[in-house]
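Here's the structure we're looking at; comments come further down.
The values are calculated or read from the model by the stated rules, or taken from the named source; none is laboratory data. Keep in mind the model is a prediction, meaning the values are calculated, not measured. Glycine also receives a Cβ, built like all others from the backbone with ideal geometry; neighbour counts cover every protein chain displayed. These area figures cover heavy atoms from the full protein model, side chains too; ligands, DNA and RNA do not enter into them. Shrake-Rupley method; radii C 1.70, N 1.55, O 1.52, S 1.80 Å.
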Amino acid sequence: MSPGNKQETAISECEVQSAPPTPRPPPVSTPPSRFHSPSPAIRSPLRAMASPLRAMATPLASPVRKAVATVRECLEEVGHITRLADPRDAWLPITESRSGNAYYAAFHNLSSGIGFQALVLPAAFASLGWTWAIICLTLAFAWQLYTLWLLVRLHEPVAGGVRYSRYMHLATTVFGERWAKVLALLPVMYLSAGICTALIIVGGGSMKMLFGIACGEACLARPLTTVEWYLVFICAAVLLSQLPNLNSIAGVSLVGATAAVAYCTMIWVVSVAKGRVAGVSYDPVKAPNDVDAALDIVNGLGIIAFAFRGHNVVLEIQGTMPSTMKHPSHVPMWKGVKVAYAMVALCLYPVAIGGFWAYGNQIPSNGILSALYKFHNRDVSRMVLGITTLLVIINCLTTFQIYAMPVYDNMEAGYVRKKNRPCPWWLRSGFRAFFGAVNFLIAVALPFLSQLAGLLGGISLPVTLAYPCFMWVAIKKPRKGTATWNVNWGLGILGMSISVVLIVGNLWGLVEKGLRVKFFKPADSQ
């Protein structure tokens, strides 16, 4: 092949060209001195191998050098890691668009990292007391921030290698297909579908409260039932879910994150401004026996674990970003994560500390929002209560989108793999409506999920605190006995141990105390 053809081939292999291709150079004729050179058939193998190297020192090498330089620039600018392992992933909601940035990452992480779980934290303080509750909350926050950093770096562990844009993809790579389904599938699916169901319960109940606040007694002659409010909420959520991919809901996540920060701030500010309620006490509630005391402690730890979420979607969020050799995706992703979790800390600590200071051990099991309605329903203006409730509804609607996106992606992946073509718009809409209907039925059948916060926190805890440590050791392979190896193995084993304790303890508590609600009776849970 002539040098000109080599140049043309090298340039055509580059996937992205920022400038138009240069014209083809005129063919280079063979120098006269080579007409009488030995034929290729009788050249020695050594001479044939050395000839390309020797040619690089001749004037003929300049087009070759130019072609190689062009290809190198293309690889450095575009990078192999921007290419999908399976081209069909470009048809799926998570990896359909890779135009995200640090701002989008901050919006998504803040929306997925803060929500109604934070409002239950004062109840954990009532079980653990001031000192131990603050210590456990701080340790859990630092721990989950460390595992979040691990996941951000594991998204693209080797430059030019595979990008793990889904949590289950990374889990399957580390644990194998069989063990990934056993260990990770249930917690990951709960964190997606289970949180969406809880959002229906919280959002639908908040809609009912907002209607009562806005209309007053005159409009409550024939109000909608709780189930009907759940239906109103899920219809709005399904309508909003028609946005095609994860990148397209960045604005939705911004609205949801702003609403979450606003209502968390309003709730704790109003609670602290109104002062401590009468007869407040900060001593942990005394249990009648040691078993109940231990169960209360376990439930408090489970509530703290339940407050931290978002690890099951962090790889998906990073998957929406472009990544090149020069500009890997973990740099803007970590910038967004730092901003988001600084805001999360500014919400979690004031809500937990301010809420427990205001209500003490009189805090309801549903958290500080229920305490605000219970103790300050008459001495706080209806406008403040209405705005707070409206912000809770907005946050639930928007957070539903980001946690449902992995489920939408998984549903569409089955069609794409089978048909080898993009999912049509009508089927995509049908998938999302079906998912909303399933969550609606679960919310109606199990309206007492808030009482299972400790148990659900224990089930989902390995996804947040344990599995990322094991994944780091399996993929990065640090040398045995080093600090990195010891820390990750230690945290992983400790996280799994805490998870087992939380699950067993909360199950034992449910057996001992039982649930004070009935199935298919959502009105009883309000």
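Pairs meeting the criteria (first residue in region 459-477 and within 13 Å of LEU170 (Cβ to Cβ), second residue of a type in the set (S, T, N, Q) and modelled with pLDDT under 90, beta carbons under 7 Å, at least 6 apart or on different chains) are VAL463/ASN312.
Quick check on this structure: which one of PRO63, PRO122 is crowded, with 17+ Cβ neighbours inside 10 Å, in a helix (DSSP H, G or I), in contact with a helix residue (DSSP H, G or I) (Cβ under 8 Å, 6 or more places away or on another chain) and modelled with pLDDT of 90 or more?
Working: PRO63 fails: modelled with pLDDT of 90 or more.
Exactly one residue qualifies, and that residue is PRO122.
Filtered by the rule that a residue be within 26 Å of PHE440 (Cβ to Cβ) and assigned to a helix (DSSP H, G or I), region 162-178 gives TYR167, MET168.
Within region 323-330, identify whether any single residue is part of a helix (DSSP H, G or I), over 14 Å from the mean Cα position of the chain (by Cα) and closer than 30 Å to MET168 by Cβ, and answer yes or no. Break it down into steps so the answer makes sense when it comes.
First pass over region 323-330, keeping only residues part of a helix (DSSP H, G or I): 330.
Checking the rest, the ones that are also over 14 Å from the mean Cα position of the chain (by Cα) come to 330.
Keeping just the survivors that are closer than 30 Å to MET168 by Cβ gives 330.
So far as region 323-330 goes, yes, one or more of its residues are part of a helix (DSSP H, G or I), over 14 Å from the mean Cα position of the chain (by Cα) and closer than 30 Å to MET168 by Cβ.
Would you check if GLY458 is buried (at least 19 other Cβ atoms within 10 Å of the Cβ) and over 28 Å from ALA142 (Cβ atoms)? No: the conditions fail for GLY458.
Run down VAL152, VAL158 and say which single residue is modelled with pLDDT of 90 or more and over 23 Å from ALA260 (Cα atoms). One residue alone meets the criteria, VAL152.
Residues in region 362-378 that are closer than 21 Å to GLY203 by Cβ and open to solvent by 20 Å² or more (accessible area, probe 1.4 Å): how many? Working first, answer last.
First, pick out the residues of region 362-378 that are closer than 21 Å to GLY203 by Cβ: 364-374, 377.
From what is left, the residues that are open to solvent by 20 Å² or more (accessible area, probe 1.4 Å) are 364-366, 369-370, 373-374, 377.
So the count comes out to 8.
Mind checking which residues of region 339-378 are assigned to a helix (DSSP H, G or I), touching a residue at least 24 places away in the same chain (Cβ under 8 Å) and not hydrophobic (A, V, I, L, M, F, W, C)? If the condition is that a residue be assigned to a helix (DSSP H, G or I), touching a residue at least 24 places away in the same chain (Cβ under 8 Å) and not hydrophobic (A, V, I, L, M, F, W, C), then TYR341, TYR349, PRO350, GLY354, GLY355, TYR359, GLY360, ASN361, GLN362, TYR373, HIS376 are the ones that fit.
Checking every residue in region 379-386 against the condition of being open to solvent by less than 20 Å² (accessible area, probe 1.4 Å) and under 22 Å from ALA278 (Cα atoms) gives at least one match. Of the residues that make up region 467-490, is at least one crowded, with 17+ Cβ neighbours inside 10 Å, at pLDDT below 75 and of a type outside the set (D, E, K, R)? No, that holds for no residue. Only one of the numbered conditions (1) free of Cβ contacts under 8 Å to residues at least 40 places away in the same chain; (2) surrounded by fewer than 16 Cβ atoms within 10 Å (Cβ to Cβ); (3) over 20 Å from PRO447 (Cβ atoms) is violated by GLU228, and that is (3). Every condition in (1) surrounded by fewer than 17 Cβ atoms within 10 Å (Cβ to Cβ); (2) not in a helix (DSSP H, G or I) holds for ASP292 except the one numbered (2). The helices (runs of 4 or more DSSP H) found entirely in region 179-275 that carry 1 or more residues being at pLDDT below 90 and more than 25 Å from the chain's Cα centre (by Cα) are 195-215, 226-240.
Looking for something in contact with a helix residue (DSSP H, G or I) (Cβ under 7 Å, 6 or more places away or on another chain), at pLDDT below 90 and open to solvent by 50 Å² or more (accessible area, probe 1.4 Å) - is there at least one such residue anywhere in region 78-88? Steps first, please.
Filtering region 78-88 down to residues in contact with a helix residue (DSSP H, G or I) (Cβ under 7 Å, 6 or more places away or on another chain) leaves 84, 88.
If we keep only those that are at pLDDT below 90 as well, we get 84, 88.
Checking the rest, the ones that are also open to solvent by 50 Å² or more (accessible area, probe 1.4 Å) come to 88.
Yes, that holds for at least one residue.
If the condition is being more than 23 Å from ALA198 (Cα to Cα) and of a type in the set (A, V, I, L, M), then region 400-432 contributes ALA413, VAL416, LEU427.
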